[in-house]
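The values are calculated or read from the model by the stated rules, or taken from the named source; none is laboratory data. Since the structure is predicted, the reported quantities are computational estimates derived from the model, not experimental observations. Neighbour counts run over all protein chains shown; Cβ positions are idealised from the backbone, glycine included.
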Amino acid sequence: MPDRSAGAFQDILISTYRRAFSPFTFFILGSSWLVAVLAGPFGTYEHLSLFSRTIYWGAIAFFGVALGLSVRAVLFWWLGSENSYRFSLMAACALTVILAPMVIAWRMLMAQSAPGLWVSPPLITFNTFVVAAAIFTFRKFLMPPDEPADEVPEENVSDETSEVRLLRRLPDDIKADILSLSASNHHVDVTTDRGRALVRVRMSDAIDEMGGVEGFCVHRSHWVARDAIREVRRVNAQKIVVVLRNGDELPVSRKYRCNLEKAGLFLKSKAA
């Protein structure tokens, strides 16, 4: 069962909104806003001026992102994982219920100065749901992993037993081979072959609960299982990443490169 305490919700909310201030989020928000303003979908190009379209789509984009992050945090806290179609469907429905009435009211207000601008509540609700469902479904492919938050120990494995006790903390639908652990405030983001879940546990304890699984700390807040590593790649002169078999890329800091070098994994690296 996921941790549904007030403290867990606070940590998840902080972690979620921290992404709102990342360069990636600003890029997605800005580019979507620009495309909507220039393309003018749903009759806004014909009936609204450039200035009005900028205001109209800017408000929708801003509130859509803010409400979407809140919905994501609440459902992540309740379900313990976002890697399922159930999560995407519930999130899209919740965001539609909240956002669609706001969009309808905003469009009705804009239509007062642009009589030709149509207002169709059913169609607006449907369009809101479709966009929300698409965003939540593909979100994990578009969003980068959380920035590291907590320091992790240099030891790779602190337990010689074969049982991976950390699996007991995961939802049944994502229990599989664990690929990586990433510290996030007072939680650890656990990635398996089936998806991801946020677990309320210290990073050092999570590593201890990996049992006899061989792995490496590649960054102050990232640990990876050796069997999950597909390659080590140099992005540029300063940046090196480890690529996992699920396609995730995690940064390798200078301090922890020695862990990979000792294992001979740098011999498999490829220059970008």
query: Quick one: is VAL188 touching an Asp or Glu at 6+ places or on another chain (Cβ under 9 Å), of a type in the set (A, V, I, L, M, F, W, C) and either surrounded by fewer than 17 Cβ atoms within 10 Å (Cβ to Cβ) or closer than 28 Å to LEU13 by Cα (or both)?
result: yes
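Look at LEU179 and say whether it is under 19 Å from the mean Cα position of the chain (by Cα), closer than 17 Å to ASN246 by Cα and modelled with pLDDT under 85.
For LEU179, the condition - under 19 Å from the mean Cα position of the chain (by Cα), closer than 17 Å to ASN246 by Cα and modelled with pLDDT under 85 - is not met.
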So the helices (runs of 4 or more DSSP H) completely within the stretch 33-133 holding 2 or more residues that are polar (S, T, N, Q) and surrounded by fewer than 19 Cβ atoms within 10 Å (Cβ to Cβ) are 50-79
| query | Quick check: is even one residue across the stretch 245-264 free of Cβ contacts under 8 Å to residues at least 60 places away in the same chain and either under 19 Å from ILE12 (Cα atoms) or touching a helix residue (DSSP H, G or I) at 6+ places or on another chain (Cβ under 6 Å) (or both)? | reply | yes
Every listed condition ((1) buried (at least 19 other Cβ atoms within 10 Å of the Cβ); (2) out of contact with any strand residue (DSSP E or B) (no Cβ under 9 Å at 6 or more places or on another chain); (3) within 30 Å of ARG169 (Cβ to Cβ)) holds for TYR17 save (1)
Somewhere in the stretch 219-230, is a residue over 28 Å from ILE14 (Cβ atoms), among the hydrophobic types (A, V, I, L, M, F, W, C) and at pLDDT below 90?
-> no
Counting only residues in the stretch 231-252 that are among the basic types (Lys, Arg) and modelled with pLDDT under 90, the one surrounded by the most Cβ atoms within 10 Å (Cβ to Cβ) is identified as ARG233
